[in-house]
C-alpha cells in the first residue's frame, strides 16, 4: 500500500533562513506527488505538484521541490522564509488501483514555526 | 470565480445523532472528494464523486456515506455519530476525477464536534 512519511513533526526556522521539509513516499509505480499548505482554521492550498518530466518543480510563494526516485523523496525547499510561511505542510501522493485513482494519501504533516 | 464552499463551518452534535455536511464545488468542476482530518489519524480519504456516481471510497465504515447532485454539489452523511468522528471534514473539487492531472481545490472545511 502507498504511504507518505514526513519525518519532522515540527521545524523551527529563523525568518530569512532557508527551509527544507522532508517527504518520503512508498508507491510501486510512478508517483503523482503534491505539497499542500494549511494555515490555522483553513483548508489546504496546493503549493506544487509533480507528475513527470523535470524533477525540480516550481510552485507558488517561492517554493520548489525535487523528486528523487532513487531516494523515494520529494523534499520541499524555500531559499528564504517569511513569517507568513508559518503553517502546516503536507506531502501527498495520488494512488491508483485497477478502478482508477484512489484519492490522495497524505503524510502526517510538518508544523513550521518561524522565529523572528 | 468562487471557491469551494462548505457548510456549515462548525457543528456540534450528540453521540448517536446523524449529520449532513454540504460541499459546493467550483463552478464547472464535476469531481468532489471528501477527506477527514483528525490529530491522531491525519488526513484520510473518504470518497470521491463524479457525475453523481461514487468512484471510490476510503477505508471508513458504512456509517459514512455521500451523494452528489446533478449540479455537482455533494453531501456527506454520518449516521450514529461516535466521539471519534469529531474532526475537520474537507471537501475538494477538481475538473476531472482522480486529481492526477489537475489541481484539487479544497474548501475551508466543516469542524464537527461530537459530544
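The values are calculated or read from the model by the stated rules, or taken from the named source; none is laboratory data. For clarity, every value in this text was computed on a predicted model and none was experimentally measured. In this analysis, Cβ positions are derived from the backbone assuming ideal geometry, glycine residues included, and neighbour counts consider all displayed protein chains.
Points worth noting:
- Subset of region A:27-38 [more than 10 Å from chain B (Cβ to nearest Cβ) and modelled with pLDDT of 90 or more]: A:33, A:35, A:37
- Selection of region B:74-115 for residues being away from chain A (no Cβ under 13 Å), without any contact (Cβ under 8 Å) to a residue 60 or more places away in the chain and surrounded by fewer than 19 Cβ atoms within 10 Å (Cβ to Cβ) yields B:75, B:77, B:84, B:86.
- Of all residues in region B:6-25, those satisfying the criterion of being surrounded by fewer than 17 Cβ atoms within 10 Å (Cβ to Cβ) and either without any contact (Cβ under 8 Å) to a residue 40 or more places away in the chain or over 11 Å from the mean Cα position of the chain (by Cα) (or both) are B:8, B:9, B:10, B:11, B:12, B:13, B:14, B:15, B:16, B:17, B:18.
- Selection count where residues are more than 11 Å from residue A:60 (Cβ to Cβ) and either under 14 Å from the mean Cα position of the chain (by Cα) or touching a residue at least 60 places away in the same chain (Cβ under 8 Å) (or both), scope region A:37-48: 2
- For region A:9-26, taking the residues that are part of a loop (DSSP other than H, G, I, E, B) and in contact with a strand residue (DSSP E or B) (Cβ under 8 Å, 6 or more places away or on another chain), the one that is nearest to the other protein chains (Cβ to nearest Cβ) is identified as A:9.
- Condition met for residue A:76 (under 14 Å from the mean Cα position of the chain (by Cα) and more than 14 Å from chain B (Cβ to nearest Cβ)): yes
- Residues within region B:43-73 that are more than 14 Å from chain A (Cβ to nearest Cβ) and either free of Cβ contacts under 8 Å to residues at least 24 places away in the same chain or under 15 Å from residue B:21 (Cβ atoms) (or both), tallied: 11
- In region B:26-42, the qualifying residues are those that are part of a loop (DSSP other than H, G, I, E, B) and touching a residue at least 40 places away in the same chain (Cβ under 8 Å), and the one that is farthest from the other protein chains (Cβ to nearest Cβ) is B:28.
- Qualifying residue in region A:83-98 (condition: within 14 Å of another protein chain (Cβ to nearest Cβ), exposed (fewer than 12 other Cβ atoms within 10 Å of the Cβ) and either part of a helix (DSSP H, G or I) or over 10 Å from the mean Cα position of the chain (by Cα) (or both)): yes
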